[in-house]
Amino acid sequence: MTIADQGKKKVSKIELLAPAGDFEALKAAVENGADAVYLGGKLFNARASAANFAGEELKKAIYYAHERLVKVYVTVNVLVADSEFPQLEDFLYELYTLGADAVIVQDIGVARFIREVLPEMKIHASTQMTVNNSYGLRQLEEMGFARVVLARETTREEIKKMAAETNLELEVFGHGALCICYSGQCLMSSYIGARSGNRGRCAQPCRLAYRLVDSKNRDLLDGLNLGDHLLSPRDLNLSDHLAEMQRLGICSLKLEGRMKRAEYVATVVRIYRKALDALQDGGPGLTDQDRYELTQIFNRDFTTGYFHGYQGAGMMSFSRPNNRGTMLGRIQEVKRGRIFLKLENTLHTGDGLEIWTGRGREGITVQKIYNSAGREVESAARGETAVIEFRGAARKGDRVFKTYDRELMAKANLSYQEGKEKRKRPLKMVLSGRIDTRLRLEAIDGEQRVAVESSSLAQKALNKPLTYDYLWQQLGRLGNTPFILAELELEIPENIILPVSEINNLRRQAVTLLLEKTHNRQDFSPVNYQEYQKRCRQWRQKIEIKSRHGAADSENTKSPEIIKPQLTVAVSDIKSIPALVKSRADRIIIGGEHWRFRPPLKLQELQEAVDFCLGQGVDLLWRLPRIMNEEQSQKIFAQLSKISVWPRRPAVMVSNLAGIQMIRSLDPRWAWETDHYLYVFNQAALYWILSIGGQRAALSTELSKEQLPRLASPGHVEMLVFGDMEMMISEFCLLGATLGQSLTNKARSRDNSYLNNSGQRCSGICHGGEFFLQDRLAYKFPLVTDRECRMHIFNSKKLNLITELNKIAEIGLRHIRLELPRATEGQAAETVRIFKELWTEAAEGSLIDEAKTQAALHKLELLYPEGFTKGHFYRGVLA
């Protein structure tokens, strides 16, 4: 049975999976009822700004959790550079020897490494892998995953279908911050500031202020009073939908929050623990106080996300990107530096408030509270009038929010304080023996049993024999251990005695043996370090050869064939193909997203284009969409099924794991390649793609020129050198949510989606005109939509490496690509002509004349006046 097969079981109880950004948060999660925690080391971690764990603290964390029967999943959920693989090898071995229950992985190269070198380790697919349909799940199963963290955009109907068809455990996010973009597909922070979410450094540009403008720079939302944070979602809260999640077959409920403080973790875990226990045993569910605390501890307002379908503007927190707290009341009067507040909730000294004044928001900590009679008090109850000191510009009617609740924080803090732990494993102890023999203590923890004997013989008591109460007191002194004495049996005569030091030593020995059994799990297969190093060496040799020679015999030492340099152009307008062929493009990519600004591509048109290109000696590739939900993936598969029987069919370019599964299930001989959104960031990823039949891979656009040489596999890789840089793809459409529907009178569909009166998501405002997001520095990012109503945001400047072609050729790369889905036919054809001439020279080893390079650059500047960037070619992304 494979690791993935182990996940196929009926879900009778949902696992509560909690975040742990540091040891304090880990204790908070464990003590408040988490079944499992996820945490990261100092490296290879998508939350690099959290405190995280290293060395002895990592060991301490895993042991602490396991001793309390809590599982630990360690995040290795970033893209890993080739230069980092030696560190990765050591880190993974450390995790395995420490007994980590699984690692959470994003990088397909890392996944392949683990399966080949350390198959004993269980792997979970991170939400960064963007899996949201059944084909993606099947591919993960083939890759040896045991669990998948589904994309947050997956709906309940989709989850139900997927759960019925997979052996994988399904994990979903249930509470906390949402990304507006599909996780793992966001390059906005990377392109703008070199802080890549794929490397754990996301700067959260989605929480910044923007304007929605048109081509004339007019603010299209002026006067609507929506707020400026146009990409900032509310926080997810599915606490009222746990029963449905269990019926769907979800096995693990994940709480977001590795960057949040321990008190937040304690509060959210405690409340979800209560809700899940009520679901399990029929006890009382959440109270109004529970819901208040869940809201008070942190919220940007709440949403159910995409669980019930598309929510439009109802999912967004346009007015503010951070904690809004809870409504405390409105100001009734302002008088002599004090405000009079009619309370909608309790107020204590030490609470933090935010007053929404005409000048903005002002925060204060409450130092003193006065009642309506002017007497100083420690607190005031709901319905009362509280008077507090405030020197700001408040006015009558201003709203006041409580952003910090002192008592709630104290309650949370108390739950995980040292020496006050309540999460204990019940022990049964049996003390047996006779006078003049060694006493035997057996300790029973569930199915685990240990037995120890006293070092000295028991004696006949002269005046103070051992009593039940005395032994309960001594054997029950389990202190900071994870145990509590629940039952004690005595099989000793009444007149027996043993020194107290011996009794204490028996207890300590029994506890030590039980903990050793806990850490030395029966399901753990030890791999010695020498064997592991041997596996690693064999792996490195294998991927080096495979990455260099592709499908060729790994032992073949013949001279490598000369690879003809190629220029590929990716477009979305099928009518431009003759002009691109005339411009001497070697390969043309057509398709991809179903853009609103292009007519739908018909299969007959595609077939005619294939015949035309092959007749001209030009390769044509059909590009699959970057994102395909369950329904859309079925439609794409139906189209692929028809194309698969064509006498002359195009090669297929895939951007996700689902696409690979589709192609390989239809015909393993069908030629396919991977797009740059299925990240090839290291030789291991390239090795995996080539080993399962891929012919070529587009390299990640986040690689620098220092990293590229390791991936310069002749004939098997392609590098983007010019064109559109898509930063974000989102199920949320800003245009439809703001301009395309009524914000005050939304009709709901049966799946809870926001629809207009015609039964559509919106009025189709995106069908005409150009739209941009403008940031605080006045950069304008093109915003376009596709026919699935997804929103795409592009960089304000185009990638342009026309001046670096000689360097690219020197690296050893032979194939380059122009990414031009939004270009006109004339722009695309002329761009191909410009690059073709220079690339032919550079790839043949000729040094391009500087004057010729500058002339080409000038032509491109005239074609694309928005300007250019060299992307990550020089700067790379922050480590």
Failed item in (1) open to solvent by 10 Å² or more (accessible area, probe 1.4 Å); (2) more than 19 Å from the chain's Cα centre (by Cα), with V117 passing the rest: (1)
If you go through F145, F91, the only one that is aromatic (F, W, Y) and over 30 Å from E516 (Cβ atoms) is F145
Picking from L224, L220, the residue that is of a type in the set (A, V, I, L, M), surrounded by fewer than 21 Cβ atoms within 10 Å (Cβ to Cβ) and in contact with an Asp or Glu (Cβ under 8 Å, 6 or more places away or on another chain) would be L220
Restricting attention to the stretch 130-148, does a residue exist that is within 21 Å of V680 (Cβ to Cβ), β-branched (V, I, T), assigned to a loop (DSSP other than H, G, I, E, B) and open to solvent by 10 Å² or more (accessible area, probe 1.4 Å)? yes
Exactly one condition in (1) within 26 Å of I590 (Cβ to Cβ); (2) open to solvent by 40 Å² or more (accessible area, probe 1.4 Å); (3) more than 38 Å from the chain's Cα centre (by Cα) is false for E866; which is it? (3)
Among the residues of the stretch 272-289, is there at least one that is in contact with a helix residue (DSSP H, G or I) (Cβ under 7 Å, 6 or more places away or on another chain), small (G, A, S) and open to solvent by less than 20 Å² (accessible area, probe 1.4 Å)? yes
Selection count, the stretch 103-161, where residues are among the basic types (K, R) and within 20 Å of Y679 (Cβ to Cβ): 3
For K859, state whether it is open to solvent by 70 Å² or more (accessible area, probe 1.4 Å) and of a type outside the set (A, V, I, L, M). yes
Suppose we keep only residues that are surrounded by 12 or more Cβ atoms within 10 Å (Cβ to Cβ) and not in a helix (DSSP H, G or I) within the stretch 507-559. Which one would you say is modelled with the highest pLDDT? V527
Would you say T97 is of a type outside the set (D, E, K, R) and either surrounded by fewer than 21 Cβ atoms within 10 Å (Cβ to Cβ) or not in a loop (DSSP other than H, G, I, E, B) (or both)? yes
Among the residues of the stretch 8-56, which ones are open to solvent by less than 10 Å² (accessible area, probe 1.4 Å) and over 29 Å from I159 (Cα atoms)? A25, L26, A28, G41, N52, F53
Cβ-Cβ below 7 Å, separation at least six or inter-chain, first residue in the stretch 639-651 and over 9 Å from W622 (Cβ atoms), second among the acidic types (D, E): which pairs? S644/D667; R648/D611
Taking the stretch 370-394, which residues are closer than 16 Å to E354 by Cβ and surrounded by 11 or more Cβ atoms within 10 Å (Cβ to Cβ)? A386, I388, E389, F390, G392, A393, A394
So, in the stretch 469-491, of the ones that are in contact with a Gly (Cβ under 9 Å, 6 or more places away or on another chain) and assigned to a loop (DSSP other than H, G, I, E, B), which residue ends up surrounded by the most Cβ atoms within 10 Å (Cβ to Cβ)? G479
Per the filter on the stretch 686-704, residues surrounded by fewer than 24 Cβ atoms within 10 Å (Cβ to Cβ), in contact with a helix residue (DSSP H, G or I) (Cβ under 9 Å, 6 or more places away or on another chain), closer than 26 Å to L878 by Cβ and among the polar types (S, T, N, Q) are T701
Of all residues being assigned to a strand (DSSP E or B) and not charged (D, E, K, R) in the stretch 606-655, which is nearest to the chain's Cα centre (by Cα)? Just the residue, please. V654
So, in the stretch 789-813, exactly how many residues are buried (at least 17 other Cβ atoms within 10 Å of the Cβ) and of a type in the set (D, E, K, R)? 4
Extreme residue, farthest from D667 (Cα to Cα), among residues of the stretch 628-654 that are open to solvent by less than 30 Å² (accessible area, probe 1.4 Å) and of a type in the set (G, A, S): S633
Would you check which residues across the stretch 338-356 are open to solvent by 20 Å² or more (accessible area, probe 1.4 Å) and either of a type in the set (D, E, K, R) or farther than 21 Å from E378 by Cβ (or both) and list them? R338, K342, E344, E354, W356
Single unsatisfied condition, L862 versus (1) over 22 Å from P782 (Cβ atoms); (2) assigned to a helix (DSSP H, G or I): (1)
May I ask you to say which residue of Q683, Q707 is under 14 Å from S83 (Cα atoms) and open to solvent by less than 10 Å² (accessible area, probe 1.4 Å)? Q683
Please enumerate the residues belonging to the stretch 77-92 that are open to solvent by 10 Å² or more (accessible area, probe 1.4 Å) and closer than 18 Å to G144 by Cα. N77
Of the residues in the stretch 53-69, those that are in a loop (DSSP other than H, G, I, E, B) and free of Cβ contacts under 8 Å to residues at least 60 places away in the same chain come to A54
All conditions in (1) touching an Asp or Glu at 6+ places or on another chain (Cβ under 7 Å); (2) at pLDDT 95 or above are true of V30 except (1)
Counting only residues that are under 23 Å from N225 (Cα atoms) and either among the aromatic types (F, W, Y) or within 38 Å of the chain's Cα centre (by Cα) (or both), how many does the stretch 329-354 have? 2
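Residues checked against (1) under 17 Å from S501 (Cα atoms); (2) surrounded by 15 or more Cβ atoms within 10 Å (Cβ to Cβ); (3) touching a strand residue (DSSP E or B) at 6+ places or on another chain (Cβ under 6 Å):
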| site | (1), (2), (3) |
| --- | --- |
| P426 | no, no, yes |
| V430 | no, yes, yes |
| R438 | yes, yes, yes |
| L441 | yes, yes, yes |
| D445 | no, yes, yes |
| Q459 | yes, no, yes |
| K464 | yes, no, no |
| T467 | yes, no, no |
What number of residues within the stretch 829-856 satisfy the criterion of being surrounded by fewer than 16 Cβ atoms within 10 Å (Cβ to Cβ), modelled with pLDDT of 95 or more and small (G, A, S)? 2
Go through the stretch 566-597 residue by residue and tally those that are more than 18 Å from I834 (Cβ to Cβ), in a strand (DSSP E or B) and in contact with a Leu (Cβ under 9 Å, 6 or more places away or on another chain). 3
For residues that are open to solvent by less than 70 Å² (accessible area, probe 1.4 Å) and in contact with a strand residue (DSSP E or B) (Cβ under 9 Å, 6 or more places away or on another chain), scanning just the stretch 595-604, find the one that is nearest to L818 (Cα to Cα). W595
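The values are calculated or read from the model by the stated rules, or taken from the named source; none is laboratory data. Keep in mind that what you see is a predicted model, and the values were worked out from it rather than measured. In this analysis, Cβ positions are derived from the backbone assuming ideal geometry, glycine residues included, and neighbour counts consider all displayed protein chains. Remember, those area values only see protein heavy atoms, side chains included, never the ligands or the DNA or RNA. Shrake-Rupley method; radii C 1.70, N 1.55, O 1.52, S 1.80 Å.
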